[in-house]
Amino acid sequence: MAKRSLLVLSVALATLVGIAAYLFLYLANVPGSARAAQTSSGVNLYLATVPAAAANDPHPTWVSYYVTNKQDTNWQHKTTFVVPANSLVHVTVYQYDGASGLRNPFISQASGTVGGTFTLNGKTMNAIDPANASHVFALPQLGISVPLAGVASNAKDQCPNAPCTLSQAHMTITFTIKTGAAGLYRWQCFVPCAAGYIDGFGGPMQSIGYMDGYLKVV
Amino acid sequence: MTATANRVPAQSPARQRGLLGFNMLTGIILGVVGWWVFYLLGGLIQGYTNHGFSQTGQNDVQIMLGYLGGVIGFLGGLGFLNYPIQRMMGYPPNIPDHEVEEPGLGKYFRLTTDHKVVSQQYFVGIAFFFFVGGLNAMLIRTELLSPTTHVFGAQQYLTLVGVHGSMMMGMMTSGVLGPFANWLVPLMIGSRRMAFPRMESLTFWLLMAAGVVLITTVFFGGFQTGWTGYEPLANQGTAGYDAYLGFFGLVSISMTLLGLNLAVTIATMRAPGMTWSRLPIFCWSVVATAALMVLAAPMLTATLLMGISDRTLYTAFFDPGLGGSAYLWQNLFWVFGHPEVYVLAIPGFGIVLEILPVFARKPLWGYKIAVSGMLGVAIFSFFVWQHHLFVSGMNADLRPFYMLSTEIISLPTGFTFLAFMATLWRGRIRLTVPMLFCLGWAFNFLFGGISGVFNSDTPSDVTTHGSFFVMAHFHYTIMGGLLFSVMAAMYYWGPKMFGYKLNERLGKIHFWVMFLAFNSTFGPLFAVGFLGMPRRVVTYATNLTGLNDWVSVSAYVLGLSLLLFLFNMVYSWMYKRIPAEDNPWHSRSIEFQLPTPVPAQDFDEIPVFSGDPYPYGEALAPAGAEPATAGAY
Amino acid sequence: MDAVSSGYQQEPHQWRLRSLSAGAKMWCGSTSGFMGAFLFAYFYLLALDPNHSWKIGKNVNPSGGLGVAIMAVFVLSGLLLWLGSRRPADEITTGVVAIVLAVVGIALQFVDYGVLGFGPYRGGYASVFYGWTAVFTLGALGGIYWMETSVAALWRARKNGFADTDEELLRVGLQSCALWWSYYVALGVLMYVVLYLV
């Protein structure tokens, strides 16, 4: 009897350990979130896009978004951005990747931002040349879409992978969005930028933590 | 027949066991070694061929070869490679067709040719993977407690859905045939063994390897396609999708061989007097299912090979930019996939119709109608697959044909229902636990069938397609059909198979909790679907929160009911251990005329059959094949 | 079965023979389903012609001469095994020749891959061509294994004067193998007709 009980307990214990490992090592292992900085000038969110993630990343060859700071020195691999509800959020994107081009030229236009515009290296614009698009920061549920122009292919000192510095070739894109009610909103890139995958839509384009994430309005 | 079945003296154990001790442990060790050897080899090949690797960091060649090496090593460790090598040298098989009586648990962890041991291996193995699939279902429902993501990320959620679906639709294809047909068919037809006993064992171990391969998807990022693996999402997917391809590849091979073995056994190894018209109805359901497996599963194997070659050899079967088509996958998958649905359903018909006469104490009504119903379903299932593609932009002229062919399939299905109801009619019904599950099956399958009409009808399918309505429909047919019939079989044949009684009271509690929780879980999902909630999306509209929470809580109760069954088995078979009687249900079927547990060699002599398989309620049964205990009950 | 008790009755000998024969026929059915998927893929992609990429670029045409040679070698192998399996006096010789011919067929297929001049990514046709011929070759390897084991068993039994051997079972085994192999070769002919002539 004791032998049988030991067997039953061992199997039950092994099952519980297996379930716990499944839960905590895989299922709950989702990319973390970063809170936008609240300053006297308002809420500021600093992002960066790179042609390849950091060398120690699980996918070091994948194109990716990062959270950074105004000086572009504190890089964190997180793609859930926490921002306050009913606020103006000033977004700055340091864009280090080259252009992939758009299949649908329509999304080379900005929409849903305050004033319907954005700035590219300090110049106010509402659209870019579709061929120059590197990425798009789009929040379909909020009607927001901003095209991110790519670094010229012949630019000097291009950043090969994260983290990058402002001394390297980059584009600076800024725009302001107004958040509404609290909720979780999905953002994603619409430029087929996943090199090597069929139609450029695999890998990082369908993985949260790379070209995909959430805007968590609280 | 004569069913004295004395034990046969032990033979010398198979040679390869004595020498090398091949078993599951050596299988696992060599499987791991095989994985690494082939994985490293794949890395060398990849360096020369895969121009995409440098950009994606995804080495599909390496991973697929790793799986191949792992499976070869695993099977080699179990002793499956000794046989072909010896055969190539012209020596006779070194693994006997007939297994010997062997004490201890060792026989359950290695290659064996005793059909009853293989069926018990299947039972435990499939139960394990059913548990994994069920756990995923619980986690899915946990995530859906809230309309936004709150526990797992979207990718993890989709992987949960994919692993749950694949595990249930893949592993459970053998859910009846593995544990029950392997055990019952040789007994019912009086053959003592399967036609190809080594192949029988191979199908089991291939299936176990498949389950492990699927679970490894979590190490490679999972897959987001659900169990249908639709292109182009699949081909764009990360390396986790390789596990899906490997898993279904192994499942399809296992299914083909299992079906072939069963079909050949029934076709050629029936004992004298066991004519086709005396074949137990369960065996007929196995014939219909095996035919589907033999013909449809190889199409899946081929389709998966196309998918693998797209990801490793740079073919473009499913890449529209290079002349392929995502719809090619959709078509080929469902050419297999719809018959596969019936691979899951038809054995349930057989179990229920086999058990029903015993507890209605009446002959099975409309034996030939029921047989033609099951065969009809099997045949028609090959002509309906395009109803899965009604909203894909297919040629509109094809829709009426597939709508009609799908609706026609309800006719042969109705035959089995007719046999079910007419057998109950004026029967002396005993509401035992197996009977309760049979009645539960009928209730659930009826709802599943009726809701299926909405999906087969093109205009209504346009609304319901891809929604939780479809999800509710197939859970009613597959889970309500297959699982309830499996439970009926477990309570009916389980004590005979394992030698100890199951607790009746716990069984009844199990039935009622499971039946109510099942309907409480999947009934509301029809409404959820009609209200517009799509499948495979982690978020949903906030107005559906109440219904979803209800469903989630019901699902937990459903999960608990299955734990209750597990408890019953552990309690009854490991602690109480009350020996099962030889024929507790007063069945007239041959397996219940044998002692419990059934000896390794089944019968001392090949039985001779000479009567109707369901002579319940008759004054006197025909002489000759009748067991000593036969009579009118 | 070697060790049985006095009360234990052997199963009818016919069961084993019929099982092999029926198994081979059903295996033909499975093989049809398997090859049917590629046949479907060929005509589906040809009819749909996505992105007008059935054949991308020029020279996406395999060598007709090599195709005919491969087909001829396989057909000869199938015929020889079929005929040989019905003539006990010649079964080993014809079996060995059939195996050698199948090996030559596979070798020729590899030669074909070497001189094709187009890769599998050059459109729908190229994909089906590579995929279908590759799985046919893989299946032929399985066929060679089956032929080899059947012939080897007969050879060893013959060497021992069929002592302690079920001669009829071995013969039916070879005949079952020949049935499937001939059928497989016929499917190969269909494949070559589709890939080279349609």
Residues within the range B:374-412 that are within 19 Å of B:M293 (Cβ to Cβ), open to solvent by less than 40 Å² (accessible area, probe 1.4 Å) and out of contact with any Leu (no Cβ under 8 Å at 6 or more places or on another chain), tallied
5
Being of a type in the set (S, T, N, Q) and free of Cβ contacts under 8 Å to residues at least 40 places away in the same chain is true for just one of B:Q224, B:Q236. Which residue is that?
B:Q236
Going through B:T303, B:T289, B:T268, B:T256 one at a time, which residue ends up being polar (S, T, N, Q), surrounded by fewer than 24 Cβ atoms within 10 Å (Cβ to Cβ) and within 14 Å of chain C (Cβ to nearest Cβ)?
B:T268
How many residues, within the range A:191-204, are surrounded by fewer than 23 Cβ atoms within 10 Å (Cβ to Cβ) and either under 20 Å from A:T92 (Cβ atoms) or touching a Pro at 6+ places or on another chain (Cβ under 7 Å) (or both)?
3
Tally time: how many residues in the range A:132-157 are in a loop (DSSP other than H, G, I, E, B) and in contact with a Phe, Trp or Tyr (Cβ under 8 Å, 6 or more places away or on another chain)?
0
Residues in the range A:93-104: is at least one among the aromatic types (F, W, Y) and assigned to a loop (DSSP other than H, G, I, E, B)?
yes
Inside the range C:122-137, the number of residues satisfying the requirement of being without any contact (Cβ under 8 Å) to a residue 40 or more places away in the chain and in contact with a helix residue (DSSP H, G or I) (Cβ under 6 Å, 6 or more places away or on another chain) is 1
Quick one: would you say B:T256 is modelled with pLDDT of 95 or more, more than 14 Å from the chain's Cα centre (by Cα), closer than 24 Å to C:V135 by Cα and of a type in the set (S, T, N, Q)?
no
Pick from the range B:474-514 the residues that are open to solvent by less than 20 Å² (accessible area, probe 1.4 Å) and among the aromatic types (F, W, Y): which of them is farthest from B:F567 (Cα to Cα)?
B:Y476
Flagged pairs (Cβ under 7 angstrom, 6 or more apart or on separate chains; first in the range B:496-511, on the phi > 0 side of the Ramachandran plot; second part of a helix (DSSP H, G or I) and surrounded by fewer than 23 Cβ atoms within 10 Å (Cβ to Cβ)) are none
Kindly provide the set of residues from the range B:229-249 that are facing chain A (nearest Cβ under 10 Å), open to solvent by less than 10 Å² (accessible area, probe 1.4 Å) and assigned to a helix (DSSP H, G or I), ordered by number.
B:A234, B:Y241
Please determine whether any residue of the range A:150-161 is within 14 Å of another protein chain (Cβ to nearest Cβ) and either over 18 Å from the mean Cα position of the chain (by Cα) or surrounded by fewer than 20 Cβ atoms within 10 Å (Cβ to Cβ) (or both).
yes
Scanning the range C:100-130 residue by residue, the ones that are at the interface with another protein chain (Cβ under 9 Å from one of its Cβ atoms), assigned to a helix (DSSP H, G or I) and open to solvent by 10 Å² or more (accessible area, probe 1.4 Å) total 1
Just to be sure, is A:T124 surrounded by fewer than 16 Cβ atoms within 10 Å (Cβ to Cβ) and at pLDDT 95 or above?
yes
If C:F74 passes every condition in (1) at pLDDT below 95; (2) closer than 30 Å to B:S252 by Cβ but one, which one does it miss?
(1)
Name every residue in the range B:440-450 that is open to solvent by less than 10 Å² (accessible area, probe 1.4 Å) and under 15 Å from B:A527 (Cα atoms), in order of residue number.
B:G448
Look at B:A555 and say whether it is touching a residue at least 40 places away in the same chain (Cβ under 8 Å), among the small types (G, A, S) and either under 26 Å from B:A154 (Cα atoms) or open to solvent by 30 Å² or more (accessible area, probe 1.4 Å) (or both).
yes
Of the conditions (1) over 23 Å from C:S176 (Cβ atoms); (2) in contact (Cβ under 8 Å) with a residue 40 or more places away in the chain; (3) of a type in the set (V, I, T), C:V96 fails just one. Which one is it?
(1)
Looking at the range B:168-197 only, could you name the residues that are farther than 18 Å from B:D602 by Cβ and surrounded by fewer than 24 Cβ atoms within 10 Å (Cβ to Cβ)?
B:M169, B:M172
Counting only strands (runs of 3 or more DSSP E) wholly inside the range A:32-83, the ones holding at least 2 residues that are within 14 Å of chain B (Cβ to nearest Cβ), over 19 Å from A:H170 (Cβ atoms) and open to solvent by less than 40 Å² (accessible area, probe 1.4 Å) are A:80-83
Yes or no: the range B:336-359 includes at least one residue that is at the interface with chain C (Cβ under 10 Å from one of its Cβ atoms), open to solvent by 10 Å² or more (accessible area, probe 1.4 Å), assigned to a helix (DSSP H, G or I) and closer than 30 Å to C:K55 by Cβ.
no
Check on C:F34, closer than 30 Å to B:Q330 by Cβ, surrounded by 15 or more Cβ atoms within 10 Å (Cβ to Cβ), free of Cβ contacts under 8 Å to residues at least 40 places away in the same chain and not acidic (D, E)
no
If B:L262 satisfies all but one of (1) of a type outside the set (S, T, N, Q); (2) within 13 Å of chain A (Cβ to nearest Cβ); (3) surrounded by 23 or more Cβ atoms within 10 Å (Cβ to Cβ), what's the number of the condition it fails?
(2)
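Here's the yes/no breakdown for (1) more than 10 Å from every other protein chain (Cβ to nearest Cβ); (2) part of a helix (DSSP H, G or I); (3) farther than 30 Å from A:T80 by Cβ:
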{"position": "B:K107", "(1), (2), (3)": "yes, yes, yes"}
{"position": "B:V124", "(1), (2), (3)": "yes, yes, yes"}
{"position": "B:Q155", "(1), (2), (3)": "no, yes, no"}
{"position": "B:R193", "(1), (2), (3)": "no, no, yes"}
Restricting the search to the range B:146-167, which residues are at pLDDT 95 or above, of a type outside the set (V, I, T) and open to solvent by 20 Å² or more (accessible area, probe 1.4 Å)?
B:H164
Answer yes or no as to whether B:P459 is surrounded by fewer than 19 Cβ atoms within 10 Å (Cβ to Cβ) and free of Cβ contacts under 8 Å to residues at least 40 places away in the same chain.
yes
Residues within the range C:49-95 that are within 14 Å of chain B (Cβ to nearest Cβ), part of a helix (DSSP H, G or I) and in contact with a Leu (Cβ under 8 Å, 6 or more places away or on another chain), tallied:
4
Residue in the range C:154-168 that is open to solvent by less than 30 Å² (accessible area, probe 1.4 Å) and under 21 Å from B:P93 (Cα atoms) present
yes
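The values are calculated or read from the model by the stated rules, or taken from the named source; none is laboratory data. Everything numeric in this text was worked out from a predicted model, so none of it was measured. In this analysis, Cβ positions are derived from the backbone assuming ideal geometry, glycine residues included, and neighbour counts consider all displayed protein chains. Surface accessibility is based on the protein's heavy atoms, side chains included, excluding ligands, DNA and RNA. Shrake-Rupley method; radii C 1.70, N 1.55, O 1.52, S 1.80 Å.
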